[in-house]
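The values are calculated or read from the model by the stated rules, or taken from the named source; none is laboratory data. Computed from a prediction, not measured in an experiment: that's the story for all the values here. Neighbour counts run over all protein chains shown; Cβ positions are idealised from the backbone, glycine included. Just the protein is used for accessible areas: all its heavy atoms, side chains included, with ligands, DNA and RNA removed. Shrake-Rupley method; radii C 1.70, N 1.55, O 1.52, S 1.80 Å.
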Amino acid sequence: MSTQTVELGASRSGEPPRSLEAPSLRIGERIIKALLWSAATLSVLVTTGIVVSLLIPSIAFFQQVPLWEFLTGTVWAPAFANPSYGVLPIVVGTLTVVFFATLVAVPVGLSSAIYLSEYASPRVRRIVKPILEVLEGLPTVAIGLFAFAVLTPLIRQLTPFLPWTGPFSIGVAGITVGLLIIPLVSSVSDDAMRSVPADLRQGAYAMGATKYEVALKVIVPAAISGIIAAFVLGISRAIGETMVVLLVAGAGSPVLSFDPTKGTQTMTAYIGSTATGDIAQGTITYDSIFAVGVLLFLMTLAMNILAIRLVKKYREVYD
Amino acid sequence: MSETAQSPPVIPIARAVQDRVNPVETDSANTFDLQNVRVYYGDMLAVKDVSMGIHHNQITAFIGPSGCGKSTLLRSLNRMNDLIPGARVEGDVLYHGIDVYGPKVDPVQVRNVIGMVFQKPNPFPKSIYDNVAFGPRLQGRKKNLDDIVEEALRGAALWDEVKDRLKDNAYGMSGGQQQRLCIARCIAVQPDVILMDEPCSALDPVSTGRIEDLMVELKKTYTIVIVTHNMQQAARVADMTAFFTVSANDETGSRTGMLVEYASTSKIFSDPVDTRTENYVSGRFG
Ligand SMILES: Nc1ncnc2c1ncn2[C@@H]1O[C@H](COP(=O)(O)OP(=O)(O)OP(=O)(O)O)[C@@H](O)[C@H]1O
Ligand SMILES: [Mg+2]
C-alpha cells in the first residue's frame, strides 16, 4: 500500500479526472423498479381490501346479532322466517371434516413421505414425485364427484353396522378431504426430510441404526418444523375446502350433531351455497356470509399461530 | 512391528453371524484381512486390488493424494458403501476371518461392531446426552443409561467439559468438542473397531492434538483405522501406514486408486521402498 497522498480531482497522468456520475439515466432500471414496486403495493392493497370487505358487512351483521349469540348459539337457520344465527352447528361441521381429514392425511401422508425420502430408489422417486404434484392440483370438484359416486357407497357397504341415512355424510366428506390433501402433506414433508443434511443420515447408519430407526429417530425429528408446516398447510386446506363438502356432505339444513354418518353443512359449504346471485346485498343473510368468513379466517390464523409455536418448541436446530 | 494386543481377540460379530461360513486361513493378529479388494462406483473402478492386514489394537493410517480411494476403501470396511447407489465391492474383506460381505452378514450389525467417525463433525441436533445415548437406546441397553453416557464421554475425554450441560444442544459446542462427542457416541455403541475419515481436518491444532492423544488412548481398547492428509499426524499416531496413489487408465481415462506400500509407520516415513511413497511423504509430488 502506498502512503502517497493523491491530490483530489487529479488523475495519475495529470489529465482531468474520469467522471464518477452515471453515464446514462438508466431509464430501464427505473421502470423495472417502479413496476416491481407497483406489484408489491398491489398485493398489499388486495390483501387489505379482502380483509376490509370481509369486515364491513360483518360489522353490520354484529350490530344486529350479538357476538355472543353468534358464537354460542346452537341453531343455524339464517334463511328461516324466524332466523337464528348460532354458528356452532356449522363450526362443528367444519371441525368434523378437519378431524377425519387429519385422521386420514397425517398418517398416510407422513408414511408415504418417509417411504419416498428414505426407502424409495431414485427411480421410484422420479416417477412418484411428479405424480404427487399433479394429484395436488386435481380439481376438487372431480374428487367430490368421485367420492359421491364411488367412495360413499363403498364405505356404506363396508360398514353396514353404522346408522347411515340419506345420501350425505360429513364423515365421508372428511375422509375425502383427507385423501385430497395426502399429496400435499406427503410432498411437503418429503421435501423437508430430503433437506436434512446427508451427514446426519450417514452418522446414524454408521452407528448401526436400521433404515426405520434412521427415519424415525433422526430424520423426522430433524425435519419436524417442515413436517408440521405440511400438516398445517393440509389442515388449512381442509378447513377451506368447499366443493367436496358441498357434494359429499350436502348443503342441507345444519343441525348441531357429532354424528359423522349424517350430512350437514360446514362453514365453507354455507358460504358457497348461500352466496348465489339472488341474495340481496344489505340483508342480514348477506352479512352473515361475511361474519362466517371472518370466523373462518380467524380459525386458519389461529391454526397457523399454533403451528409456529409447535415448530419453535420441537424444532431441532442444525446448521 | 511387534504385536501389542494385551487381550485375546474378542469376536463380537459372531453375535450376528451364527455360523461362520468357511473361515479363511488368516493371521490371528489381524482384525481385518483384505484380499484383492476392488471397489466400483457403477462401471468406474475406484480402488483396485488392495490386499493388506489390519492389526488388532493398533492405529492404521491410510494416506495418499486426493481421489486415491482412501475414503472409499475405509467405507468398504463397515459396509457404508452399501448406502451409495451403484457402489460395489469385490474381493474379500475379512473381519476375523468372516467375510463382511457374506450372505448371512447383516450390514446393520456390521456397523454396530465397526463404528465410524466422519470428517465433518456430525452430531445429531439433539442434546449432548441424547447424542451419546442414541446407540445404547437403539440396542435396547436402557438400564444405567446415565452411567453408559458418562463412561462414553469420559472415554472421549469430554466428560469434564460437558458434565454440567448434558441437556444442551450439541450444536452449541465447539467443533473439536463436537468431534469428540461423535467419538463418544461411537464408543457408546461398544464397537470393536473405529474407522475415522479425516477426523481432524476441520479442527484447530489444539483440538487436533487432543483427538490424537485420545486415539492413542483408545487403541488400547479398539482397533483404529484413520484416513489423514496430515503427514505429521500419521507419523505421530499410526503404528502402520498404507500409502495409496491414483493413476489414470490410458485407454478410458478413468482414475483408479491403488495401494503402493504398506508397512510400519517408521518404515514408510524413514525408509520407504517405493519412490512414489518417498516423494509423497517428503512432500515432493509428481
Ligand atoms: N459417492 C460416490 N459416487 C461416485 N464416485 C465416487 C463417490 N465417492 C467417491 N467417488 C470417486 O471415487 C474415487 C475415490 O474417492 P475417495 O473419496 O475414496 O478418495 P479419497 O482418497 O478419500 O480422496 P480425499 O482425500 O479427497 O478424501 C474418486 O475418483 C471419486 O470421484
Ligand atoms: Mg476422503
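Residue-by-condition table, conditions (1) under 20 Å from residue B:227 (Cα atoms); (2) surrounded by fewer than 23 Cβ atoms within 10 Å (Cβ to Cβ); (3) at pLDDT 90 or above:
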{"site": "B:8", "(1), (2), (3)": "no, yes, no"}
{"site": "B:16", "(1), (2), (3)": "no, yes, no"}
{"site": "B:49", "(1), (2), (3)": "yes, yes, yes"}
{"site": "B:104", "(1), (2), (3)": "no, yes, yes"}
Could you pull out the residue among B:252, B:245 that is open to solvent by 10 Å² or more (accessible area, probe 1.4 Å), more than 13 Å from the chain's Cα centre (by Cα), at pLDDT below 90 and closer than 18 Å to residue B:47 by Cα? B:252
Look through B:259, B:195 and report the one residue that is surrounded by 20 or more Cβ atoms within 10 Å (Cβ to Cβ), within 16 Å of ligand 2 (Cβ to nearest atom), under 23 Å from residue B:134 (Cα atoms) and not β-branched (Val, Ile, Thr). B:195
Take region A:201-211 and flag every residue that is surrounded by fewer than 21 Cβ atoms within 10 Å (Cβ to Cβ) and at the interface with chain B (Cβ under 7 Å from one of its Cβ atoms). A:202, A:210
Among the numbered conditions (1) open to solvent by 20 Å² or more (accessible area, probe 1.4 Å); (2) more than 16 Å from ligand 2 (Cβ to nearest atom), tell me where residue B:230 comes up short. (2)
Restricting region B:64-84 to residues that are more than 18 Å from residue B:223 (Cβ to Cβ) and more than 8 Å from ligand 1 (Cβ to nearest atom), the residue that is least open to solvent (accessible area, probe 1.4 Å): B:81
Could you grab me the full set of residues in region B:84-123 that are more than 16 Å from ligand 2 (Cβ to nearest atom), in contact (Cβ under 8 Å) with a residue 60 or more places away in the chain and closer than 24 Å to residue B:199 by Cα? B:93, B:95, B:109, B:110, B:112, B:113, B:114, B:115, B:123
Report whether or not residue A:214 is open to solvent by less than 10 Å² (accessible area, probe 1.4 Å) and modelled with pLDDT of 90 or more. yes
Looking at this structure, is residue B:157 crowded, with 17+ Cβ neighbours inside 10 Å, of a type in the set (A, V, I, L, M, F, W, C) and either within 13 Å of chain A (Cβ to nearest Cβ) or within 30 Å of residue B:50 (Cβ to Cβ) (or both)? no
Those residues of region B:51-83 that are away from ligand 2 (no atom under 13 Å from the Cβ) and within 13 Å of chain A (Cβ to nearest Cβ) come to a total of 5
Among helices (runs of 4 or more DSSP H) lying entirely in region A:224-319, which contain 1 or more residues that are crowded, with 17+ Cβ neighbours inside 10 Å and more than 24 Å from the chain's Cα centre (by Cα)? A:284-314
